[in-house]
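The structure appears below as structure tokens.
Rule-based calculations on the coordinates, nothing more; no lab input. Because the structure is a prediction, the values reported are computed rather than measured. Cβ placement follows ideal geometry from the backbone for every residue including glycine, while neighbour counts extend to all protein chains displayed.
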Amino acid sequence: MTDKSDQEEKSPESDILKKLKIRRKKQFPPREEVRKTPPKEEKKIGYSKPNADSFRMVATCMQNLEDELAKELEDIGAKDIEKQKRAVKFKGDLELMYKANIWLRTALKVLQPLFHYTAKDDKELYEKAKKIEWEDIFSQDKTFSIDSAVHSEHFTHSQFASLRIKDAIVDRFREMQLSRPNVERDQPDVRIHLHINDKNVTISLDSSGDPLFKRGYRTVQHAAPINECLAAGLILKTGWKGECDLLDPMCGTATIPIEAALIACNIPPNLNRTHFAFEGWKNYDPSLLSKVLGQAKEHFRPLKVNIYAREVNSNNIRSARVNINSANMRKSIILEQEDFFKAAPPSSSGMIIFNPPYGERLELEEGLPDFFEKIGSTLKFEYTGWTAWMIASDIESFKNIGLKATKKIPMMNGKLECQFREYELFDGKLKEEKARSTK
Ligand SMILES: C[S@@+](CC[C@H](N)C(=O)[O-])C[C@H]1O[C@@H](n2cnc3c(N)ncnc32)[C@H](O)[C@@H]1O
């Protein structure tokens with residue numbers, strides 16, 4: 001199946017055909033036929049010109065956030081949404097690509113696949129990559145870089161595979177009588193993503209550049225911060241969108257409260273990001289980006305509940321304050337230096353979302369089992385009427401909580417295997433009522 005945009009593009013063979021015009025008449029089928037039946041192993045997906053109707057994209061995410069990402073894509077108007085492992089495929093136009101980069105809370109990157117093909121060796125990898133009309137995508141004065149993910153016994157060195165793609169791009173520009181664009185590792189204008197699985201090659205343009213969790217508000221780091229995309233994904237998993245008070249009782253640098261405030265106020269997480277990689281492409285349309293940013297502001301909504309960020313450590317409180325200010329959330333988040341085990345709850349009910357110390361990156365005075373036992377009894381005796389969600393990596397320690405989890409969701413936090421667990425902290429009476437109403 002081909003896109004409309006595919007059909008509008010020149011076929012990969014078109015340059016070669018032009019050069020062999022005379023022979024083509026005799027040996028090749030008519031042009032229409034060539035277009036209708038591209039070689040099976042080689043499928044051009046199509047480079048999106050500024051006004052292309054619709055083209056394919058892939059948003060990548062962390063494990064187990066595919067459902068949330070797919071829902072987010074649906075909300076911004078993406079079409080043909082298809083969940084994959086740690087990614088969601090979709091279709092849309094350039095405006096949707098800009099929206100995706102600005103609005104998606106759980107996406108790490110938004111890629112635009114350009115070309116799929118099979119290659120059995122470096123020579124074929126190079127030759128086919130050279131057929132891509134790179135000069136239509138970015139100009140010779142732009143710098144570029146290539147990231148690669150290679151899982152193949154045919155290409156054992158991912159760096160060498162990247163190098164061949166780099167050669168193909170540079171040689172393509174030269175053959176087009178243009179000067180060669182330079183490679184820049186740290187801050188390239190254009191980022192290209194190479195994925196090889198066995199003999200299957202996919203070359204994509206990375207429209208985001210720096211991963212989308214780099215929202216720009218986290219100016220101060222914590223020893224064990226939670227990734228912004230993971231924080232947003234966890235909040236979305238709980239279903240909280242600002243309907244009741246929210247508390248992170250061990251907030252560190254306040255990532256969870258900041259992401260919660262952005263969700264509740266319907267503010268795109270990357271509204272204030274200063275750069276996206278798509279700005280280096282030839283089809284970059286600054287007025288379209290301004291339009292998308294302007295429209296985003298029309299969707300803001302006022303915060304109707306309280307968001308509490310609590311933390312025991314004074315250095316962390318200072319860092320949290322800096323981050324909350326740089327996210328422009330000073331008026332939306334109530335930051336308090338409090339010990340979870342000593343302070344009274346900030347209100348009578350609400351949602352708790354937190355990641356307590358795992359003991360791996362942060363030292364604890366007591367052992368993790370005792371610490372978790374204290375969390376469990378504090379929740380049980382002090383937070384009746386609340387729903388608590390917590391993410392932790394030590395599954396054994398969860399047992400010390402002493403409460404029955406109503407949900408257990410496997411997650412990854414960096415390289416740590418974790419669980420995100422829900423505890424409904426009803427008092428006995430409420431529990432009975434709930435049991436009766438669900439009968
Ligand atoms: C894993 S970190 C949270 C990181 C945070 N989500 C972020 O993104 O920065 C756990 C935090 O719990 C805090 N903490 C530990 N014991 C606490 C207690 N009794 N009361 C409040 N905070 C506590 C630690 O100081 C630490 O900042």
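Among the residues making up segment 125-165, those that are part of a helix (DSSP H, G or I), out of contact with any strand residue (DSSP E or B) (no Cβ under 6 Å at 6 or more places or on another chain) and either buried (at least 17 other Cβ atoms within 10 Å of the Cβ) or basic (Lys, Arg) (or both) are LEU125, TYR126, ALA129, LYS130, TRP134, GLU135, ILE137, ARG164. As a summary of the residue check, ASP370 satisfies the conditions (1) in a helix (DSSP H, G or I); (2) surrounded by 15 or more Cβ atoms within 10 Å (Cβ to Cβ); (3) within 13 Å of the ligand (Cβ to nearest atom) except for the one numbered (2).
Residue-by-condition table, conditions (1) within 26 Å of GLY385 (Cα to Cα); (2) charged (D, E, K, R):
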site	(1), (2)
VAL305	yes, no
ARG310	yes, yes
VAL322	no, no
ASN325	no, no
GLU336	yes, yes
PRO345	yes, no
GLY350	yes, no
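Of the residues making up segment 209-261, those that are of a type in the set (Gly, Ala, Ser), crowded, with 24+ Cβ neighbours inside 10 Å and within 8 Å of the ligand (Cβ to nearest atom) are ALA231, GLY252, ALA254. Is it the case that segment 267-285 has a residue that's within 23 Å of LYS415 (Cα to Cα) and either of a type outside the set (A, V, I, L, M) or buried (at least 24 other Cβ atoms within 10 Å of the Cβ) (or both)? No, segment 267-285 contains no residue that is within 23 Å of LYS415 (Cα to Cα) and either of a type outside the set (A, V, I, L, M) or buried (at least 24 other Cβ atoms within 10 Å of the Cβ) (or both).
Among the residues of segment 384-416, the one identified as assigned to a helix (DSSP H, G or I) and within 27 Å of the chain's Cα centre (by Cα) is ILE395. Is it the case that segment 354-367 has a residue that's more than 10 Å from the ligand (Cβ to nearest atom) and outside any loop (DSSP other than H, G, I, E, B)? Checked against the condition, which is being more than 10 Å from the ligand (Cβ to nearest atom) and outside any loop (DSSP other than H, G, I, E, B), segment 354-367 yields no hits at all.
As a summary of the residue check, ILE375 satisfies the conditions (1) surrounded by fewer than 18 Cβ atoms within 10 Å (Cβ to Cβ); (2) more than 8 Å from the ligand (Cβ to nearest atom) except for the one numbered (1). Scanning segment 262-286 for residues that are closer than 30 Å to PRO345 by Cα and either within 16 Å of the ligand (Cβ to nearest atom) or of a type in the set (D, E, K, R) (or both) yields LEU262, ILE263, PRO269. Summed over segment 287-325, the residues that are away from the ligand (no atom under 13 Å from the Cβ), over 21 Å from GLY242 (Cα atoms) and polar (S, T, N, Q) give a count of 3.
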